[in-house]
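J.: Next up is a structure, given as structure tokens.
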Amino acid sequence: MECWVCELGEIDYNEALNLQERLIELRHQGKIPNVLLLLQHPHIYTTGRRINPSHLLLSEEDMKEWDVKVVSTDRGGGITYHGPGQIVGYPIVEIGNISRIKDYLNNLEEVLIRTLLAFGVVTERLPGYPGIWYGFEKVAAIGLRVTRGITKHGFALNVSTDLSYFNNIVPCGIYDRNVTSLSKIVGQKIPLALVEQLIIRNFADIFNFEMVPIKKEVLFGILEDIDKAA
């Protein structure tokens, strides 16, 4: 099955959210195949449906000093951080029946586990603690929503992320676990482009997709043509 993959670079969170909504609608209509978006966000905190307001440890004044905002979303989970040095993946994948969410989640986790293993980093799943863990430190977060059988949101893999931003929140509502990054674990800065290519390869293998690279301007051009034809 064909799956477009588009590496967007750094993109505003709300812009990416709107893009997901547009792609979900077109996937539902059968006008496009499955899509994997890979990108980075400017500094931002996002909250899921289980947010506890006390898990944001910054005041309004602190937020200005850190030059960061908070956006609420419809994904699962609590509060997390996105920013430069972190690869965010948004798969727009038709999985069909809601009973397949667990299998989809396991496959998505396996993509990240294999990607990290390529650097000699052995990670695992911890029962009751969503995400990918290196010991007791989370290296990747996962938050999902399924709309009309199509996935939304996805994963955030810390590659060379500024981890100090996580000190301002209780990540995903977990008090007794820390957050780490691939670069911190291996002791050297890892290029984002290299990690993205590994993610694409593992995504293809695990989901049995034929990955078709599509440039950002081409993707937006296709969406514009569809709008004109409507």
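The values are calculated or read from the model by the stated rules, or taken from the named source; none is laboratory data. Only a predicted model underlies this, so the values are computations on that prediction, with no experimental measurement involved. Counting neighbours? That spans all protein chains shown, and the Cβs are built from the backbone with ideal geometry, glycine included.
J.: Just to verify a result, which residue in the range 27-66, among those that are β-branched (Val, Ile, Thr) and farther than 20 Å from Gly131 by Cβ, is surrounded by the fewest Cβ atoms within 10 Å (Cβ to Cβ)?
T.: Ile32
J.: Scan the range 84-122 for residues that are in a loop (DSSP other than H, G, I, E, B) and among the hydrophobic types (A, V, I, L, M, F, W, C) and jot them down.
T.: The answer is Val93, Ile95, Ala118, Phe119, Val121, Val122.
The rows are residues; the columns are (1) in contact with a Pro (Cβ under 6 Å, 6 or more places away or on another chain); (2) farther than 28 Å from Glu21 by Cβ.
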| residue | (1), (2) |
| --- | --- |
| Arg145 | no, no |
| Gly154 | yes, no |
| Gly173 | no, no |
| Val179 | yes, yes |
| Val186 | no, yes |
| Lys189 | no, yes |
| Leu194 | no, yes |
| Gln197 | no, no |
| Asp205 | no, yes |
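J.: Search the range 187-215 for residues that are modelled with pLDDT of 95 or more and among the β-branched types (Val, Ile, Thr) and pair each with any residue that is loosely packed, with under 14 Cβ neighbours inside 10 Å and not in a loop (DSSP other than H, G, I, E, B) when their beta-carbon atoms are under 7 Å apart and the residues are at least 6 apart or on different chains.
T.: Val212/Glu2
J.: Does any residue in the range 90-112 that is more than 16 Å from Gly149 (Cα to Cα) and among the hydrophobic types (A, V, I, L, M, F, W, C) come within less than 6 Å, Cβ to Cβ, of a residue that is modelled with pLDDT of 90 or more and surrounded by fewer than 18 Cβ atoms within 10 Å (Cβ to Cβ) six or more places away or on a different chain, and which pairs are these?
T.: Close Cβ pairs (under 6 Å, with a partner that is modelled with pLDDT of 90 or more and surrounded by fewer than 18 Cβ atoms within 10 Å (Cβ to Cβ)) amount to Val111/Ile206.
J.: Has the range 52-64 got at least one residue that is touching a helix residue (DSSP H, G or I) at 6+ places or on another chain (Cβ under 6 Å) and under 24 Å from Glu196 (Cβ atoms)?
T.: No, the range 52-64 contains no residue that is touching a helix residue (DSSP H, G or I) at 6+ places or on another chain (Cβ under 6 Å) and under 24 Å from Glu196 (Cβ atoms).
J.: Out of the residues in the range 142-172 that are of a type in the set (Gly, Ala, Ser) and assigned to a strand (DSSP E or B), state the one that is nearest to Val93 (Cα to Cα).
T.: Gly154
J.: Looking at this structure, is Thr161 closer than 27 Å to Arg22 by Cβ, among the hydroxyl-bearing types (Ser, Thr, Tyr) and crowded, with 20+ Cβ neighbours inside 10 Å?
T.: no
J.: Take the range 198-215 and flag every residue that is surrounded by fewer than 15 Cβ atoms within 10 Å (Cβ to Cβ) and part of a helix (DSSP H, G or I).
T.: Result: Asp205, single match.
J.: Condition first: loosely packed, with under 14 Cβ neighbours inside 10 Å and either in a helix (DSSP H, G or I) or at pLDDT below 90 (or both). Now tell me which residues in the range 67-83 satisfy that.
T.: Correct list: Asp74 only.
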